[in-house]
1. Compute the separation of the alpha-carbon centres of the stretch 159-178 and the stretch 374-422 and state it in Å as a whole number.
2. Can you give the Rg/Rh ratio of the chain, where Rg is from the C-alpha atoms and Rh is the Kirkwood radius?
3. Mind checking the stretch 11-76 for chymotrypsin sites (Phe, Trp or Tyr not before Pro) that DSSP puts in a loop (not H, G, I, E or B) and that have at most 13 other Cβ atoms within 10 Å?
4. For the chain, with all protein chains present and a 1.4 Å probe, just round the carbon and sulfur fraction of the accessible area to a whole percent.
5. Based on the Cα gyration tensor of the stretch 326-424, what are the three equivalent ellipsoid semi-axes, each the root of five times an eigenvalue, rounded to whole Å and given largest first?
6. Cut-off under 15 Å on the C-alpha distance; same-chain residues fewer than 8 positions from Lys361 excluded. Which aspartates and glutamates are left, in chain and number order?
7. Given a Förster distance of 60 angstrom, what is the FRET efficiency for Glu190 paired with Thr9, based on the Cβ-Cβ distance and rounded to 0.05?
8. Looking at the stretch 163-228 from every direction and averaging, what is the projected area of its Cα convex hull in nm²?
Amino acid sequence: SIESFLPNTSREVEEMLTEIGVNSFDDLVRDIPREVRLDRPPYNDQPLSELEVRDVLEELARKNASCSDWICFMGGGAYDHFIPAVVDEIGSRSEFYTAYTPYQPEISQGTLQTIYEFQTMIAELTGMEVANASLYDGGAAIAEGVLMAASITGRHKVIVSGCVNPLRLAVLRAYLRASGLKIQVTKVVEGVTSHEEVAQALDDQTVCVVVENPNFFGVIEDCSGLEGMIHSSGALFIVSADPISLGLISPPGEYGADIVVGEGQVLGNPLSFGGPYLGYLATKKKYIRKIPGRIVGKTVDVNGNTCFCLTLQTREQHIRRERATSNICTNEALNALRATIYLSWLGRRGVRELCERCLSKAYYASRRFQEEGLSLVFDKPFFREFAIDLGMSARIVFENLLSKKILCGIPLGWFYPQFENCLLVAFTEKRKKSEIDLLVEEIGKQVKARSTE
């Protein structure tokens, strides 16, 4: 019987439902629309052999669209980069994925050293002095950076560029809902942050200004004029940066950022239907005791041998609540491990070469689109993605190209009603010239067909 494999017997289920105060399981889930509930057992009535089970699972898996089978031009914070075999090979070694918690360093030296190397690489990429062991994802990293800034300044207003990824902005709003902090989002002006609006919004209660670079539209922000006005008001400057882009673009540490955060999915982590990913956070050394999460440090043991341990950590069990910096008491260790392996494989020169490949493919695509009579929405420098104006609903084009197994980009109308006709397209080193030409050709057909109707 299938019940022999379930942790709860029918009698135990009845007891739990009674304790909750409902008559049946249907009553418990009555808020879930009936049309999306499974009306049959989630298993086969008859036992299956191993071969039959494998067939069933493979059939289910084929229902998912994979970037291995489809051509992906989607970006907006998650990208289809090439992941070398060495990342999977080393990242799946048992000493890493079964390692004990690094709170006992004597048996966790491998994990601790990996985290230490990750911190070092992030600090070098961002141009900052210290970095933590990683956070949940890019959105959580922005939120943790803002909360960190609030604990430093003791102020209450957060200014956020309207060009920050809208999904990350939603995470930030959720984090700050019960914090007492107020968010002011600036308008999108020609695809970049309005320096004038930031200057007008700054006052003596401003915690920080959050800017994304490159921003959600793929545009490279000119942050040179922001640092002075932000710091003159006593606020902190937070930059959310794509770590891959920092192989080519000036690191935020060079233009005055106080806290640098970002999403590390691009560092050797697959798309994985949206996660798990990893966030990073780097800052100046003077703010190290305000940093959320944990930091691994290098020291020596009683015999003078190099070793690693948790130097700073937020842990409710052994820190006074009033001095705790965050409720983050762990890190995305396996994802950070993959990022460390990936960056070690690329090296300093490899990161730059990767950036140049993405950049050249994106600019080639922009020229091809313009040859087709389509214009870029924003006439600004970009890195690996840009927005094009289709002159028709981008959602329709997106849906039509799904039948050709092409993920043509992100319809910006999903997030910005004023950009209903605009499509955000991204180009990684994986995209071939033939694939880019095919994309331009297929989108051109869609647009021409609509214009002749």
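1. 23
2. Details: Rg = 24.6 Å, Rh = 24.5 Å.
Radius of gyration relative to Kirkwood radius: 1.01.
3. Answer in residue order: Tyr43.
4. 51
5. Working: eigenvalues 204, 82, 37 Å².
Whole-Å semi-axes of the equivalent ellipsoid: 32, 20, 14.
6. Asp80, Glu353, Glu385, Glu429, Glu435, Asp437
7. 0.40
8. On the way: hull surface 18.7 nm².
Mean projected area of the Cα convex hull: 4.7 nm².
The values are calculated or read from the model by the stated rules, or taken from the named source; none is laboratory data. The model shown is predicted, which means the values in this text are computed figures rather than measured ones. Methodologically, a virtual Cβ is constructed for each residue, glycine included, from the backbone with ideal geometry; neighbour enumeration extends over all protein chains shown. With ligands, DNA and RNA removed, areas are computed over all heavy atoms of the protein, side chains included. Shrake-Rupley method; radii C 1.70, N 1.55, O 1.52, S 1.80 Å.
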